[in-house]
Amino acid sequence: MGRRLLIFVPYFWLLALFLIPFLMVFRISLSDYDLAQPPYSPHFTGNVMEVVRALDWENYTFIFGDSLYLNSFLSSLRIAIISTLLTLAIGYPMAYAMARAPRGVQPLLVMLVILPFWTSFLIRVYAWIGILKSEGLLNLFLMSIGVISEPLSILNTNTAVYIGIVYAYLPFMILPLYATLEKMDDSLLEAAEDLGCSRMEAFWRITIPLSLPGIIAGSFLVFIPAMGEFVIPDLLGGSNTLMIGKTLWVEFFNNRDWPVAASVAMLLLAILIVPIVLFQKVQEKEAGL
Amino acid sequence: MKRLSSINITALVLGFSFLYLPILLLVIYSFNASKLVTVWGGFSTKWYGELLKNEQFLDAAWVTLRVAFVSASIATVLGTLAALVLVRAGRFRGRTLFTGMVYAPLVMPEVITGLSLLLLFISLGIGRGMTTIILAHTTFAMCFVSVVVSSRLVSFDQSVEEAARDLGCNATQAFFLVTLPLIAPAVIAGWLLAFTLSLDDLVIASFTSGPGATTLPMRIYSAVRLGVSPEINALSTILIVLVTIGVITASLASKWQATTTDR
C-alpha cells in the first residue's frame, strides 16, 4: 500500500506534466493552422483538442520545403558542433592542470569552476554584451593598446554566439574531464616514458584515450543544450544568426503559428534523441564499471 | 609525481580569467556614476538606489522568490520520492517509462518543455500566472533533485535502515528517523539546486506565465534587449553576491557536516 502510493505520486506528476504535454505537442504538430490563435484572443475558448481536426504531415512538409527552417537546423548544428569543439579545446588544458594541481588546492579549483554555474545564466550572457559591443570594453582595450584602430564588430555576429556558448557551458565540459583525469594513474605515464615514449607521445597514446569517457560526457553536455539554445543567439547573435531555439520562439510568440512551432520542436527532439540516448548509454556504462 | 608545469599554470590563469573577468567587469561597472556604461564616471552607488525605487523590478523579484521557494519545496519532496522509487522500489510495471520520465527533462531543450506545458495549461483552461510557473518549475526541478538524492541513496548503507526495522520501527518511522537524516545533505543540495534553477529560468517561465506574473529573469531579459544599463548591472551584482554567499555557505556547511559525521 505504502509502496504503491510512493510510486504513484511522482509517477502521476510526471505523466501529467511531462509525458502528456509532450504527446500534445506531437499531436498539435500534425494539426492545422486554425489552431494558431493568440493565447489571449477572446475567440479562443474551450479545448485545444477540439480544434485539432485533420491530422497530417503538412507542417513537416512545409518545414522541409522552407529554407528558413532547414537553414536554422543546419546552422544550429554547425554552431553547436563548433562551440563544443572550442569548449573542449579550452576546457581540456584547464581540467588537465586542475588534475595535476596539489591535492589541497583541487577542491578550491573545482569550486571556482562550479561557482559561475550557480550564477544566473542570463546575467552571464548579458555581461558579454558590455564587453563585445562596438563601443564596449574589449574594443576600448584593444584600441587603447593600439592593436586595432577601428572598433571590431563582434556583438550580433556568430562569433559572439560562439563566445557566449563556450563561456556559458565551459563548466559542463571541465567537470567530467577533471573527474576522469583526476582518477588517472600517473604510473602509466611513467611506464610509457620508461619504455621510450616521448612525453607528447605518452599524452596522446595514454592520457587522451583514458580521458575519453570524460571527453564524450563533456561534449554531450555542451552539445545538447547548445543545440536548442535560445538566450545566447537572441542576445549576442545578429539578425542573421539562425538557431532553431530562436526560430521556434519567434514562430510561437511572434508568428503565433503553434502547429509549425510544435513541428519544429519535434524535429529538434528527433535530432537530439541520438546524442541523448548515446549519452545515457555512456553514463550507464561508466556507472556500471 | 604530479607537478604543475608552466603550461598548466598558464591554462589555469587564462581559463579562470575567462570565467571570471566578465562577471568582475559587470560588478565594477555597477558602481560607475556615468550613465554611459563603458565610460568610467567615478565611483557611485546611485544605481543601487535607483533599483530600490524601481517597483517593476521589486515586484518581479518578489514573484520570483515566491515561485522559487514554493516550487523548490514541492520539487524536493517529489524528487526525493522519485529517487526512492528509482533506488528502492525494485521492479514494477512501467519502471522503464518512469526512469525515462525522470531523466528526459534533464536534457530536454527548455523551449520544448515550455511549449508543451503551455499547450497543456491552455487545453485544460488553467489561467496562466504564478501557479502555472510553479507547476512548470516543480516538474523540471524534481528531476534534478531526484538525480542528486538517488546518487546519495545508492551509496548509503541500507543495513542501518534494516536495523531500525528490526528494532521495531515501521517503514515510515525508519524513513524519517534513519534514512532522511542520512540523506539530508543531498536533499538540501537538491532543494538549493531546484531553487537556483527556478530563480534563473527565463524560457520556461516566459512560456508558462501570464499577465501579472512577471519573473525577474523575464524583466531582466526585456530590459537587456534594449541594451546595457547600469541598473541591470547593479541588480546583477546583488544577485551574484547573494549566490556567491549561498554557495560558499552551503559548501562550508557540508564540509562541517562531513567532519562531524565521519568521526
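The values are calculated or read from the model by the stated rules, or taken from the named source; none is laboratory data. Computed from a predicted structure; not experimentally measured. Note that we place each Cβ from the backbone using ideal geometry, even for glycine, and neighbour counts take in every protein chain shown.
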TODO: Taking residue A:188 as the residue in question, decide whether it is over 23 Å from the mean Cα position of the chain (by Cα) and either more than 9 Å from chain B (Cβ to nearest Cβ) or more than 23 Å from residue A:71 (Cβ to Cβ) (or both).
DONE: yes
Task: Failed criterion for residue B:92 (all others in (1) at the interface with another protein chain (Cβ under 8 Å from one of its Cβ atoms); (2) farther than 28 Å from residue B:157 by Cα; (3) part of a loop (DSSP other than H, G, I, E, B) hold) - done: (2)
Open item on the list: When the residues of the range A:151-185 are narrowed to those that are within 22 Å of residue B:106 (Cβ to Cβ) and among the hydroxyl-bearing types (Ser, Thr, Tyr), which ends up farthest from the other protein chains (Cβ to nearest Cβ)?
Closed with: A:180
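Results for (1) in contact (Cβ under 8 Å) with a residue 12 or more places away in the chain; (2) part of a helix (DSSP H, G or I); (3) of a type in the set (Phe, Trp, Tyr), shown as yes or no for each residue.
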| position | (1), (2), (3) |
| --- | --- |
| A:147 | no, no, no |
| A:151 | yes, no, no |
| A:154 | yes, no, no |
| A:167 | yes, yes, yes |
| A:217 | yes, yes, no |
TODO: Please go through the range A:95-145 and pick out each residue that is more than 25 Å from residue A:218 (Cα to Cα), assigned to a helix (DSSP H, G or I) and either without any contact (Cβ under 8 Å) to a residue 60 or more places away in the chain or among the charged types (D, E, K, R) (or both).
DONE: A:130, A:131, A:137, A:138, A:139, A:140, A:141, A:142, A:143, A:144
Open item on the list: Can you find, within the range B:1-54, the residue that is surrounded by the fewest Cβ atoms within 10 Å (Cβ to Cβ) among those that are facing chain A (nearest Cβ under 9 Å), assigned to a helix (DSSP H, G or I) and in contact (Cβ under 8 Å) with a residue 24 or more places away in the chain?
Closed with: B:23
Open item on the list: If I ask for residues that are without any contact (Cβ under 8 Å) to a residue 24 or more places away in the chain and small (Gly, Ala, Ser), which ones from the range A:65-94 would you list?
Closed with: A:65, A:67, A:89
Open item on the list: Here is a list: A:242, A:212, A:195, A:269. Which entry is more than 13 Å from chain B (Cβ to nearest Cβ), aliphatic (A, V, I, L, M), under 22 Å from the mean Cα position of the chain (by Cα) and surrounded by fewer than 20 Cβ atoms within 10 Å (Cβ to Cβ)?
Closed with: A:212
Open item on the list: Test of understanding: among B:70, B:63, which residue is touching a His at 6+ places or on another chain (Cβ under 9 Å) and either free of Cβ contacts under 8 Å to residues at least 40 places away in the same chain or assigned to a helix (DSSP H, G or I) (or both)?
Closed with: B:70
Task: Single residue of B:147, B:154 found to be more than 18 Å from residue B:199 (Cα to Cα), under 25 Å from the mean Cα position of the chain (by Cα) and modelled with pLDDT of 85 or more - done: B:147
TODO: Scan the range A:159-183 for residues that are of a type in the set (Val, Ile, Thr) and either surrounded by 24 or more Cβ atoms within 10 Å (Cβ to Cβ) or within 12 Å of residue A:84 (Cα to Cα) (or both) and jot them down.
DONE: A:161, A:163, A:165, A:166, A:174
Task: the range B:104-139: number of residues that are part of a helix (DSSP H, G or I), under 17 Å from the mean Cα position of the chain (by Cα) and over 18 Å from residue A:27 (Cβ atoms) - done: 11
- [ ] Give just the number: which of (1) at pLDDT 85 or above; (2) at the interface with chain B (Cβ under 9 Å from one of its Cβ atoms); (3) part of a helix (DSSP H, G or I) does residue A:49 not satisfy?
- [x] (1)
- [ ] Return the total of residues in the range B:216-235 being touching a helix residue (DSSP H, G or I) at 6+ places or on another chain (Cβ under 8 Å) and farther than 14 Å from residue B:50 by Cα.
- [x] 11
Open item on the list: Is it the case, given these coordinates, that residue B:227 is closer than 22 Å to residue B:147 by Cβ and facing another protein chain (nearest Cβ under 8 Å)?
Closed with: no
Open item on the list: Looking at residue B:210 and the list (1) within 12 Å of chain A (Cβ to nearest Cβ); (2) in a helix (DSSP H, G or I); (3) touching a residue at least 24 places away in the same chain (Cβ under 8 Å), which single condition is not satisfied?
Closed with: (2)
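Results for (1) crowded, with 20+ Cβ neighbours inside 10 Å; (2) over 13 Å from the mean Cα position of the chain (by Cα); (3) at the interface with another protein chain (Cβ under 9 Å from one of its Cβ atoms), shown as yes or no for each residue.
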| site | (1), (2), (3) |
| --- | --- |
| A:225 | yes, no, yes |
| A:252 | yes, yes, yes |
| A:273 | no, yes, no |
| A:281 | no, yes, no |
Open item on the list: When you check residue B:99 against the structure, is it loosely packed, with under 15 Cβ neighbours inside 10 Å, at pLDDT below 85 and hydroxyl-bearing (Ser, Thr, Tyr), yes or no?
Closed with: no
